Amino acid sequence: MIKRMTLLSRRKGSSVSDFRAYWSGCHAQLALRMDGITSYTQNRVDKCLWQLSNDAGQFDIDGVVELCFENAEVMGIAQRSRVGSEYLPDDELNFLHGWTLCVVTHEDEPTQHHGVKVVIAAAIASGVSRDDFRNGLIEANASQQIPATISFNWTENSAKRERLWAEPVVPDALVALWFESNARAQDAFRRDAEFARQLSQLSRQAGAYLIDVHVVK
């Protein structure tokens, strides 16, 4: 399986409710016209729990699309189709300000997802390896009274749309966590919590986002 995770920011002046309604409505139905999609999840940002900025600013994320395909060849065919290369980019102008695509490799993907979801987007600091980053977050998770289920996605390549804004800094890691409750998710990202400490040391830019999950397929 291969996965695309696309960071979205809503069109300036549009409300959260209008953004979500358009995204989950006609845009989702249009996306499903691409062949080869095995799963499609819309991660809708309810709240930014914690963030670390750099000279370029901070991530501007209202949602994260997860589209999975059987393999890279199938994904490529879908992206080059008329729907993927023409209809979807045209329709995105109706509700988006920003679009940043990350094609990722994933690990520790749970077969079932339970609880409250948080997505961490992080640009890893210079001199920090993927193993360093992974181990730091695993250590932070182990310090929780009830650890979350954790899954790592690593950006292998990225793309942007010509007619839309894109994140100046592309995240190297997109980490999904599932906590037992909303309260535990928010508590995990207090300013003095271990996740905040580790992310501050391991990242040059990062954000943790409380997610409202909408499974399309």
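No value in this document is a laboratory result; all are computed from the given coordinates. These figures come from a predicted structure and were not determined experimentally. Positions of Cβ are generated from backbone atoms using ideal geometry, with glycine treated the same way; all protein chains shown enter the neighbour counts.
Only Cα pairs under 8 Å and 6+ residues apart enter the sum, and on that basis the relative contact order of the chain stands at 34 percent. Result for the chain in a Gaussian network model with C-alpha springs under 10 Å: among Gln145, Gln42, Gln186, the largest mean-square fluctuation is at Gln145. Only helices enter this figure: runs of n ≥ 4 DSSP H residues, each worth -39500 (n - 2.57), summed and divided by the residues of the chain, yield -6500 deg cm²/dmol at 222 nm to the nearest 500.
Between Asp187 and Asp90, what's the calculated FRET efficiency when r is the beta-carbon distance and R0 is 35 Å? Round to 0.05. Calculated transfer efficiency: 0.25. Evaluated at q = 0.15, 0.18, 0.23, 0.28 Å⁻¹, the base-10 log of the normalised Debye intensity for region 48-113, with identical point scatterers placed on the Cα atoms, takes the values -0.76, -0.99, -1.17, -1.30.
The chain: D in µm²/s via Stokes-Einstein (Kirkwood Rh, Cα pairs, 4 °C, 1.567 mPa s)? Before the final figure, lay out each step's value.
Values: Rh = 17.6 Å.
After rounding, the answer is 74 µm²/s.
Which FRET efficiency, nearest 0.05, do Gln112 and Asp212 yield, Cβ-Cβ r, R0 22 Å?
Working: r = 18 Å, r/R0 = 0.83.
Once the sixth-power term is evaluated, E becomes 0.75.
Considering only Ala176, Ala72, Ala206, the mean-square fluctuation computed in a Gaussian network model of the chain, springs between alpha carbons under 10 angstrom, is largest for Ala72. The smallest convex shape that holds all Cα atoms of region 119-165, its convex hull, gives 114 Å³ per residue.
Classify region 1-70 as rounded, prolate or oblate, taking a ≥ b ≥ c as the square roots of the eigenvalues of its Cα gyration tensor: rounded when a/c is under 1.5, otherwise prolate if a/b is larger than b/c and oblate if not. Here region 1-70 falls in the oblate category. Of the peptides 166-175, 88-97, 153-162, the ranking by mean beta-carbon count within 10 Å, highest at the top, reads 166-175, 88-97, 153-162.
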